[in-house]
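> Take this structure first; my questions come after.
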Amino acid sequence: MPEALEVELTRQAMGVLVGRRFGAVERTDPLVVGDGVDVAVPGCSVESVGRRGKLLVVGTDGPTVGVHFGMTGRLFVDDGPAIDRLAYGAGGDDRVWDRWVVGLDDGSQLRLHDPRRLGRVWLEPAVGTLGPDVLTLTVSQLTTALARRRAPLKAVLLDQRAVAGLGNMLVDELLWRVGLDPHRVASSLDVAEVRRLQAAVRRRLPVMLRRGGSHTGTLSPVVRAAGGPCPRCGELLRRDTVGGRTTIWCPGHQR
Ligand SMILES: [Zn+2]
């Protein structure tokens, strides 16, 4: 599933859209594409492609367009995938799963390919309701995000209004790396623990971004599926549900 890293890779690849003009909408799916998009977008020029958390924000000389990728959404332009092969989704490119196809003024197309149909395209996304972006997260922002929150640490980190961009795999990887128990009450972290977590976010995520995404951590999909011993301390990894999500963690060194 796309987390901030996958959407950032998409944002970088979608830079090629800047300066191009949208033409006719060639295919649309009302479940995925919000009201007014198909009327407003044709004729608009793309001025910027930004991101907050998992939200892609396409600025035009008309409306701003938000794209959320759900579980399996991918954007293609010029018939090349924004990310060659993602760890999520079927990996294929059967056009039957294209949910939104818009022509571009140079004859190419922008396509939202989404087998699971959980992606969304809509106008004027409320970027301000999202928390600070995880890739530039400061100690002060993380402190604010966790303050007075009685929910489990993992649940708060997954809350996009607290911190924008973390998903299930990244949270498990970061908490494993800094040795924090995902069940901890979020507000119980002391100053040193918050600093350690923020440092891991800022150091680790760029490494995983360069490697290609959320699946490149030590707790890779293979390690997650296998269970087995903790790669750091050898204790058996545990699988729990925290914040409604399957959570892999180590009772040996995560406290
Ligand atoms: Zn361990």
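> Indicate the gyration tensor shape class of the stretch 4-128 (rounded, prolate or oblate), computed on the Cα atoms with a ≥ b ≥ c the square roots of the eigenvalues: a/c under 1.5 is rounded; otherwise a/b larger than b/c is prolate and the rest oblate.
In terms of gyration-tensor shape, rounded.
> Further, regarding this structure: Hey, what do the phi angles of the stretch 179-187 turn into as Karplus ³J(HN,Hα) couplings, whole Hz, using 6.51/-1.76/1.60 and θ = phi - 60°, x for Gly and Pro?
x, 10, 6, x, 7, 3, 4, 4, 6
> Per the 1.4 Å probe, what fraction of the accessible area of the stretch 4-128, in percent, lies on carbon and sulfur atoms?
Working: 2660 of 5280 Å².
Roughly 50 percent of what the probe reaches on the stretch 4-128 is carbon or sulfur.
> Counting only heavy atoms of protein chains, what accessible area per residue, in Å², does the chain have with a probe of 1.4 Å?
Values: 11060 Å² over 255 residues.
That works out to 43 Å² for each residue.
> Please report, to two decimal places, log10 I(q)/I(0) for the stretch 131-249 at q = 0.09, 0.10 Å⁻¹ as given by the Debye formula with identical point scatterers on the Cα atoms and no solvent.
-0.21, -0.27
> Can you send over the carbon and sulfur percentage of the accessible area for the stretch 202-255, probe radius 1.4 Å, protein chains only?
Working: 1480 of 2940 Å².
Result for the stretch 202-255: 50 percent of the exposed heavy-atom area is carbon or sulfur.
> Okay, next question. Rank-order 141-153, 166-178 by packing density, defined as the average count of other C-beta atoms within 10 Å over each peptide's residues, highest first.
Numbers: 141-153: 16.8, 166-178: 23.6.
With the highest mean Cβ count within 10 Å placed first, the list reads 166-178, 141-153.
> Using Cα-Cα distances under 8 Å and only pairs 6 or more residues apart, what relative contact order does the chain have, in percent? Present the calculation step by step, with values, prior to reporting the outcome.
Details: 524 pairs, mean separation 48.8, N = 255.
Relative contact order comes out at 19 percent.
> Please state the Cα pair-distance histogram of the stretch 102-146 with 5 angstrom bins from zero: what percent is in each bin?
Computed distribution, short to long bins: 5, 14, 14, 14, 14, 15, 12, 6, 5, 1.
> I need the phi-derived Karplus couplings for the stretch 26-41: 6.51 cos²θ - 1.76 cosθ + 1.60, θ = phi - 60°, integer Hz, Gly and Pro marked x.
9, 8, 8, 10, x, 6, 9, 9, x, 4, x, 4, 6, 7, 7, 6
> Based solely on its DSSP helices, what 222 nm [θ] is calculated for the chain when runs of n ≥ 4 H residues each add -39,500 (n - 2.57) and the sum is averaged over all residues, nearest 500 deg cm²/dmol? Before the final figure, lay out the partial values.
Values: 7 runs with 66 residues, N = 255.
Mean residue ellipticity at 222 nm (helix-derived): -7500 deg cm²/dmol.
> In addition: On the first, second and third principal axes, largest extent first, how far apart are the outermost C-alpha atoms of the chain in Å?
57, 36, 29
> Check which residues have an amide H placed less than 5 Å from Arg149's amide H, if you skip close sequence neighbours.
Here the answer is Ser187, since their amide H atoms fall under 5 Å of that of Arg149.
> Here is a follow-up. Roughly speaking, what is the centre-to-centre gap between the stretch 9-33 and the stretch 221-255 when only Cα atoms are used, to the nearest Å?
38
> Can you give the accessible area of Cys230, probe radius 1.4 Å, in Å² rounded to 10?
Counting only protein heavy atoms, Cys230 exposes about 10 Å² to solvent.
> Also: Listed highest first by mean packing, meaning other Cβ atoms within 10 Å per residue, what order do 109-116, 205-212 come in?
Result, highest mean first: 109-116, 205-212.
> Would you please give the residues with an amide H less than 5 Å from that of Leu118, counting only those at least 5 places away or on a separate chain, with H modeled from the backbone geometry?
Met71, Thr72
The values are calculated or read from the model by the stated rules, or taken from the named source; none is laboratory data. Since this is a predicted model, take the numbers as computed values, not measurements. No Cβ is skipped: glycine too gets one built from the backbone with ideal geometry, and neighbour counts run over all protein chains shown. In case anyone asks, the SASA skips ligands and DNA or RNA and just uses the protein heavy atoms, side chains included. Shrake-Rupley method; radii C 1.70, N 1.55, O 1.52, S 1.80 Å.
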